[in-house]
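Taking it in order: structure first as C-alpha cells, then the write-up.
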Amino acid sequence: MLKRATVFFFLSLSGYAYAGSDACIEVYNVVPKITRFNKPETQNSVFKEAQAKQVEQVLGELPAFEKKIQAMLSPFKRYEMETLFFRQRNQKGDPAYFTLNRNADLLADAELVVISKFPKGVSLTNVEFGYQNQRSKKVQNLGVIPGIELDANGLPKRFLFFNKEQLEVFRAHYFGRPFSTKMRTAILDINTAIFKYLETQPVALEKVAEFEKKRGWPVGTAKKIGLVYYSSEAVDLLSFGKEHGFDYADMASAGWLKPYVNKHGSISYRENYNDSIKIPFYDENDPSKIAFWRTRNLRSGSPKYLSWPKDRSLFEDAPLFEEFYNSWNLNKVKGKRIVLTEGEFKCAIGELTTGVFHLGVPGIGQFYTSMLDKIVKAQPSEVVVLFDRDPIGKALLRLDEVTDSQRASYLIAKQLEAAGISVKVATLPDLYNGKKIGIDDLLLSHGTAPYTQALDQAVSADAYAKTFKIDVPLSLLTDRRNKIRRAVQKYDTANSTAAGFMSIDQRAIYNNLQTYLTHVEGVLRQYMETKYPERGQMLDPSDRFVAIRPGTSMAPVTIHSPEGDFDVSSAIIKISMTTSDVKNCTSLSCFSISRDSSQWSHLTETEKFKALSGALGAVFPKDDYTYISNPVFEGQPHALLVIRKETRTPVAIIEQF
C-alpha cells in the first residue's frame, strides 16, 4: 500500500504521446522497488471479439507479403535503394543539408569534370557527401565535392573536382560498382593476413587476455573464438600493407583503413577503429579465411560494437554469413537443435559451453528473410529462440509493458513457425531480481544446468505471448506495417520521381502493397484508439515516451551540464514532477517515489540525487547509463540528465525536485 504523500515523475505531454499502461516505480526509505497498477478493463466482450476478427482478417489478407516485398525490390541494385547525404557549411560554419537519390537515369546528362581553375557562379561549393545513419543520425563522410553546378530545375548538371582521385571516389558512390571476385579475394587475403599477424604480437595477445579475464571467460576462450586485438601499436597498417603488397583501396574496402581527402585534394588513408577487439566471421566456402569482422571498441565514449564498414557503393549485399554469426557452419546442423540468440559472444559462449549449435543475429530487430531461408534450407530438428532477459524497468518504457527482447522473440518465432520450422521460445531465469541477464552471464556464473533447463522448458510462440502478456495484434500489425513502409521507401528511392521506370509486374506488386498498407494502418489506428485511448498518436510499441525532439531544421537542441554541453539529435524522454494522489496512476503510467514528506524534506540535495538515481536505476541501469546532476535545459535548471555511457548521448532529463 503506498503512503499518502507521493511524488510522481511522469512524462511531460507537450503535445506528444505519453505513457501507455500502468506501471510505477515505488521507493520506500530510498530503496527502489517496482510495482504495477493494473488498469480496469473497459472493452466489452462483444466489441473485443469483433475487433479480433478484424485484425485476424487483415493479417490473413496478404500472408506472403514478405515474398512480395522481395519480388518488388529484387530488380534493383542495393546501392540504388539508398540516398546520398550532402552537407554544406556557410561562412559561419553553420551546416545545410540535402539528399540525392542515386538513380543513374535521372542524372545521365550530369558531367563529372576535373578543373584546374574554379569557375564563377558555382551554385554549391565544398560539399561533403556520405551516408546518414537512420538511427543515430550521424553522417559518415566519404569525401568532398569542390563544386556543384545546378540547372534551372535544381538538379546537378556538373560536379567539379580538382583531381581524378576525388572524381572517382564520388563516381563509385553515386553510380555504384560491382562486388567483383577479385575484390572479394583481396578482402579475404587481407583480413586473414592481419588476423594471423595480430595473433603473434605480444601487445595484442596481452590485450586479448585482459579482455577475456574481464568478461570472466575461461582461459583460452578468446582464442577458440578467434579474437584479436588491433591498435596502431600492435601493427602499422600502412607499412603492413606495403610489405605484403596489399592495395590501400582494398584495405579500405576490407575496413582496416579509412580514405580521406588531404590538404592537397588527393586521397590518403588512415587507420580505422584503433584500440579494439576484432571478432572474425569466417568464409562459408573456405572457413580458414576471414571474410568479415565486427569491432568491440575498448575506448570509453565510443559505441561498444560496430559492424564492418560496408562499402555502400557496391551493387550487391554482403553474403549472408557476413551478418549471421556462425551461419557458415549451418551445413552441419541437419536434424539438430539450433539456439537462435543475439550477438557473437553470447552465441560463441553458448555453443562452446553446452555443445548445442548456436546462431547469432546482429541485433534483435535484424532477422531478415534471407536468414529465415538459410535456416529452412539447413533442416534443423528444432529452433529455440533465446534472447537476453532485459531489466524489468525496460518494460515500463513500452506501450504494453513488454520488453523489446520479448517482442522480438515472439515475432521471430512466428516467422519461423510460418515457414514450417518447429520452433519454441525460451526464457532465462530471473536470478538477479529484475536485472538484465544474458546467455553468457548465466553460463559463466551458474553453469549449464539452469541454461539447459531453460531450453527444455521452452514453449510455443503463442504460449510465450500469453505468459508475458504480449499484445499480439499490436505487435503483428506494427511489424507488418513497418516492413512494408521500409520496402516502399526503398522502392521510391530507387525510382525517385520517375514512375515510368516501373515494370508492369513491379507496378502491380507496388500498388498491391500500398493498398494493403493503407488497410493495415487503418485497422491498427482503430485498434490503438480503442485499446489505448490515452495515446495521442499511433506509435510503435517499441517507441519510448518522448517530449523533446530536435528541430525540423536539424539544428540540435542543446542541454548544458557541469560535464559539458550535449546536443540532442534524436528524441529523448522528459520526466516532470508533480504532487498528486496515487489514483492518477490508474489512467496512465508514471514514475513515482513514495516517501514520508518529513523524511524527504530533511534529505540533502545529494541524498535526493541518490534517491532519484536509485529509483530510475531500474529503467536506466547504471551499467549502461550515467547520471549527471544540475543540467540546464531551455534556460531552466533540472535535477538529472541521463546519458548512455557508450555513446555519451542524452536519453532522459528530469525536472527539479
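The values are calculated or read from the model by the stated rules, or taken from the named source; none is laboratory data. A quick note: this is a predicted structure, and the numbers were derived from the prediction, not measured. Note that we place each Cβ from the backbone using ideal geometry, even for glycine, and neighbour counts take in every protein chain shown.
For the stretch 217-264, give me each residue that is aromatic (F, W, Y) and closer than 15 Å to N191 by Cα.
Scanning the stretch 217-264 gives Y229, Y230, F240, F246, Y248, W256.
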(Q) Return the pair list, or none, for Cβ contacts closer than 6 Å from residues in the stretch 418-432 that are closer than 14 Å to L442 by Cα to residues that are of a type outside the set (F, W, Y) and part of a loop (DSSP other than H, G, I, E, B), at least 6 apart or on different chains. (A) A426/L386; A426/A458
Q: Name the residue, out of S327, S288, that is modelled with pLDDT of 90 or more, outside the structural domain of L205 (by TED's automatic domain parsing) and farther than 27 Å from V144 by Cβ.
A: S327
Q: Scan the stretch 220-244 and report the pairs whose first residue is part of a strand (DSSP E or B) and whose second residue is charged (D, E, K, R), with Cβ atoms within less than 7 Å and a gap of 6+ or a chain change.
A: V228/E199; V228/K278; Y229/K207; Y230/K278
Q.
Name the single residue that is farthest from W293 (Cα to Cα) among those in the stretch 267-282 being polar (S, T, N, Q) and modelled with pLDDT under 85.
A. S268
Q. Given the conditions (1) surrounded by fewer than 13 Cβ atoms within 10 Å (Cβ to Cβ); (2) closer than 30 Å to A348 by Cα, which single one is not true for A222?
A. (1)
Q) If we scan the stretch 361-369, do we find a residue that is small (G, A, S) and either at pLDDT 95 or above or not in a helix (DSSP H, G or I) (or both)? A) yes
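Restricting the search to the stretch 101-121, which residues are of a type outside the set (A, V, I, L, M), in a strand (DSSP E or B) and either at pLDDT below 75 or surrounded by 14 or more Cβ atoms within 10 Å (Cβ to Cβ) (or both)?
The one that is of a type outside the set (A, V, I, L, M), in a strand (DSSP E or B) and either at pLDDT below 75 or surrounded by 14 or more Cβ atoms within 10 Å (Cβ to Cβ) (or both): N101.
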(Q) Restricting to the stretch 157-183, and then to whatever is within 29 Å of the chain's Cα centre (by Cα) and crowded, with 17+ Cβ neighbours inside 10 Å, can you tell me which residue is farthest from F129 (Cα to Cα)? (A) M183
**Q.** Within the stretch 244-299, considering residues that are of a type in the set (S, T, Y) and surrounded by fewer than 20 Cβ atoms within 10 Å (Cβ to Cβ), the one farthest from Y197 (Cα to Cα)
**A.** S266
Q | In the stretch 146-169, residue modelled with the lowest pLDDT [restricted to those that are of a type outside the set (A, V, I, L, M, F, W, C) and assigned to a strand (DSSP E or B)] | A | P156
Q.
V376 - would you say it is over 19 Å from E344 (Cβ atoms), at pLDDT 90 or above and buried (at least 21 other Cβ atoms within 10 Å of the Cβ)?
A. no
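Can you tell me which residues in the stretch 370-395 are assigned to a helix (DSSP H, G or I) and over 26 Å from F65 (Cβ atoms)?
Taking the stretch 370-395 and keeping what is assigned to a helix (DSSP H, G or I), we get 370-378, 392-395.
Within the stretch 370-395, I392, G393, K394, A395 meet the criteria.
Could you say which residue among K424, K469 is outside any strand (DSSP E or B) and of a type in the set (K, R)? I'd like the intermediate steps shown before the answer.
Details: K424 fails: outside any strand (DSSP E or B).
Going through K424, K469 in turn, the sole match is K469.
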(Q) closer than 30 Å to N285 by Cα and modelled with pLDDT under 80: is that true of G143 in this structure? (A) no
